[in-house]
């Protein structure tokens with residue numbers, strides 16, 4: 001890995017981004033665990049807080065890691081390990097942060113508004129509550145492409161059981177709801193020229209069907225201690241930069257049933273002056289989304305020692 005003293009710090013505003021459920025992979029961050037002291041220390045702490053997490057992350061099996069209650073804390077641990085390795089290597093602090101759905105918890109940990117241990121416990125509970133809210137097989141989600149948001153909103157008018165869950169890019173919006181509702185919405189959207197891709201998910205996330213999960217999570221959030229922010233975090237449900245820790249219980253509970261306004265969130269980061277967007281964690285889902293929202297943006301992904309070295313070379 002490049003030496004810290006070889007890194008010339010460039011005065012460029014940085015937005016730290018953290019992925020949501022679906023980005024997890026068996027073996028993620030193992031190289032960091034084996035070769036980076038900062039990442040190892042953080043991961044070891046995660047394994048103490050949630051026994052069994054080490055095996056899930058490094059060995060799987062994949063089907064177990066994909067379970068919502070496992071994937072959520074595993075991704076927070078993995079994303080934060082990548083972030084800590086980057087911080088240790090560069091000495092940099094982001095100017096802003098945002099996370100996609102679950103990733104908002106990682107963003108808050110990075111901003112020091114939420115303790116790492118608390119985040120792990122919260123998202124483990126969040127995953128359990130979300131899975132329990134709707135029996136398996138009764139909910140569905142689908143990605144909608146080739147039509148704009150206005151067309152989708154028009155198609156959903158008057159339909160029950162279908163809501164907008166994620167506004168990922170100008171060309172991709174995810175809908176969520178009951179199996180019957182998503183089927184009806186899919187037919188209506190296909191008639192308007194849309195392309196629909198059913199998503200392999202275990203529950204209809206970010207829809208009103210998640211209300212039972214929201215109510216259970218609210219109780220946990222009410223007894224969680226939040227802290228002052230080191231830098232602003234753009235919230236999913238408002239797409240606004242927040243530095244007020246007192247509103248976090250409300251924002252994080254609303255997120256369970258509300259839409260992830262990712263396009264607006266990225267645009268807000270850009271309007272605040274973000275020039276460099278760094279995705280911390282496995283996969284490049286958010287990096288790809290950024291390119292579709294801001295084609296000229298400078299993007300990076302930190303998920304391994306090799307990717308960190310590649311990043312450092314850009315700053316020499």
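Since every read-out is calculated from the coordinates, none of them should be taken as a lab result. Because the structure is predicted, anything quoted here is derived from the model rather than measured. For neighbour counting, all protein chains shown are included, and Cβ atoms are generated from backbone atoms with ideal geometry for every residue, glycine included.
For the chain, what does -39500 (n - 2.57) per DSSP helix run (n ≥ 4), summed and divided by total residues, give at 222 nm, in deg cm²/dmol to the nearest 500?
Using -39500 (n - 2.57) per qualifying helix, the result is -14000 deg cm²/dmol.
Please state the relative contact order of the stretch 205-302 as a whole percent: Cα pairs under 8 Å, 6+ residues apart?
Relative contact order here is 26 percent.
Measure nothing but the geometry: give the 0 to 90° angle between the long axis through the Cα atoms of 179-190 and the longest principal axis through the Cα atoms of the chain, rounded to 10°.
On a 0 to 90 degree scale, this one is about 90.
Rounded to the nearest 10 degrees, what's the angle between the helix 262-271 long axis and the longest principal axis of the chain, both from Cα atoms, 0 to 90?
Orientation of helix 262-271: about 50 degrees from the principal axis.
Is the shape of the stretch 108-197 rounded, prolate or oblate, going by the alpha carbon gyration tensor and its root eigenvalues a ≥ b ≥ c, with a/c under 1.5 for rounded and a/b larger than b/c for prolate?
Because a/c hits 1.5 or more and a/b fails to exceed b/c, the stretch 108-197 counts as oblate.
If I take every Cα pair under 8 Å that is 6 or more residues apart in the stretch 33-154, average their sequence separation and divide by the length, what percent do I get for the relative contact order?
The normalised contact order for the stretch 33-154 reaches 27 percent.
Looking at the chain, what % of its DSSP beta bridges pair antiparallel, to the nearest 5?
DSSP beta bridges in the chain are roughly 55 percent antiparallel.
So I have [x] 137; [y] 119; [z] 149, and one of them is volume of the Cα convex hull per residue in Å³ calculated from this model. Which one is it?
[y]
Roughly what angle does helix 211-222 make with the longest principal axis of the chain, taking Cα atoms, 0 to 90 degrees, to the nearest 10?
Helix 211-222 sits roughly 30 degrees off the main axis of the chain.
Could you work out the relative contact order of the chain? I mean the mean sequence separation of Cα pairs under 8 Å and 6+ apart, divided by the number of residues, in percent. Mind showing how you got there, number by number?
Numbers: 671 pairs, mean separation 79.3, N = 316.
Relative contact order for the chain comes out at 25 percent.
Rank 14, 223, 182 by mean-square fluctuation in a GNM of the chain with C-alpha springs under 10 angstrom and give only the top-ranked residue.
It is 223.
Rounded if a/c is under 1.5, else prolate if a/b beats b/c, else oblate: with a ≥ b ≥ c from the C-alpha gyration tensor eigenvalues square-rooted, which is the stretch 173-316?
Oblate is the answer for the stretch 173-316, as a/c is 1.5 or above yet b/c matches or exceeds a/b.
Quick one: if you stick a label point 7 Å off each Cα along the C-beta vector at residue 63 and residue 191, how many nm between them?
4.0
Cα centroids of the stretch 119-153 and the stretch 71-111: how far apart, whole angstrom?
22
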